[in-house]
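Readers should treat all values here as calculations from the given coordinates under stated rules, not as data from a laboratory. Treat the numbers as computed from the prediction; the structure is a model and nothing was measured. Glycine also receives a Cβ, built like all others from the backbone with ideal geometry; neighbour counts cover every protein chain displayed.
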Amino acid sequence: MKNNKLLTIMLIILVSITLIGVVALVVVTQFSKDPGSAAQPSIDEIIEQSVDVPELSTNLSDKRYVKLSLKIQTDSKEAAEEIGKRDFQVKNILVELLSDMSSKDLEGQKGKELLTNALKAKFNSLMQNGEVQKVYITSFAIS
């Protein structure tokens, strides 16, 4: 009887230690994953999921004008097809946004980053399938 009780206690302790080890292993592996380690798409996938916005010229708020073209990268081929079909809305957003900006707003890297981030947010508000991941400025000139 005493041996049976001792054996039961030992089995409970062994099972508890094993469970604690498994839980610790799962926790460590989950927290040690690098969030940036997700597979990056290849350049061919990026091109397949991207849409070109041809060169567009428009006035700025300070009576100057800007000429630029863009590449919009989406998260899927379907999203790229959708943004391609919405080209008139994309151009409208671009013209509206730029008409409220001056040439000083677009100066330097920070100005262009401000523009691309604003465009990304506005384009994503249009999207029903997928999302815009990045907006690239492929040509840019202010006159």
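Placing dummy labels 7 Å off each Cα toward the beta-carbon, the span from L126 to L25 is 5.1 nm.
A simple spin-label model places the labels of K67 and E55 0.5 nm from each other, with each point 7 Å out along Cα-to-Cβ.
More than 21 Å apart: what percent of Cα pairs in the chain qualify? The answer is 58 percent, as a whole percent. Toward the positive end of the charge dipole of the stretch 42-90, with +1 on the Cβ of Lys and Arg and -1 on the Cβ of Asp and Glu, the farthest Cα among G84, I43, S61 is that of S61.
Pairs of Cα atoms nearer than 8 Å and 6+ residues apart set the relative contact order; for the stretch 43-142 it is 37 percent.
Magnitude of the charge dipole for the stretch 43-142, about its Cα centre and with charges confined to Cβ atoms of Lys, Arg (+1) and Asp, Glu (-1), is about 460 debye.
Its DSSP H runs of at least 4 residues, each contributing -39,500 (n - 2.57), put the calculated 222 nm mean residue ellipticity of the chain at -17500 deg cm²/dmol, to the nearest 500. The length gained on full extension between V15 and E107, counted as 0.36 nm times the residue separation minus their Cα-Cα distance, comes to 26.6 nm. For the options I43, I72, I13, a Gaussian network treatment of the chain with springs between C-alpha atoms closer than 10 Å singles out I13 as fluctuating the most.
Hey, with R₀ at 25 Å, roughly what FRET efficiency would S143 and D100 work out to, going by the Cβ-Cβ distance, to 0.05?
On the way: r = 18 Å, r/R0 = 0.73.
That pair, S143 with D100, gives E of 0.85.
Applying 1/(1 + (r/R0)^6) with r as the Cβ-Cβ distance of K91 and Q40 and R0 = 30 angstrom yields a FRET efficiency of 0.50. Helices in the chain that qualify as membrane-span-like (whole DSSP H runs, Cα extent of at least 24 Å along the helix axis, mean Kyte-Doolittle hydropathy of 0.5 or higher) are 2-31. GNM remark for the chain: springs join alpha carbons under 10 Å apart, and the peak mean-square fluctuation among V53, V95, V22 falls on V22.
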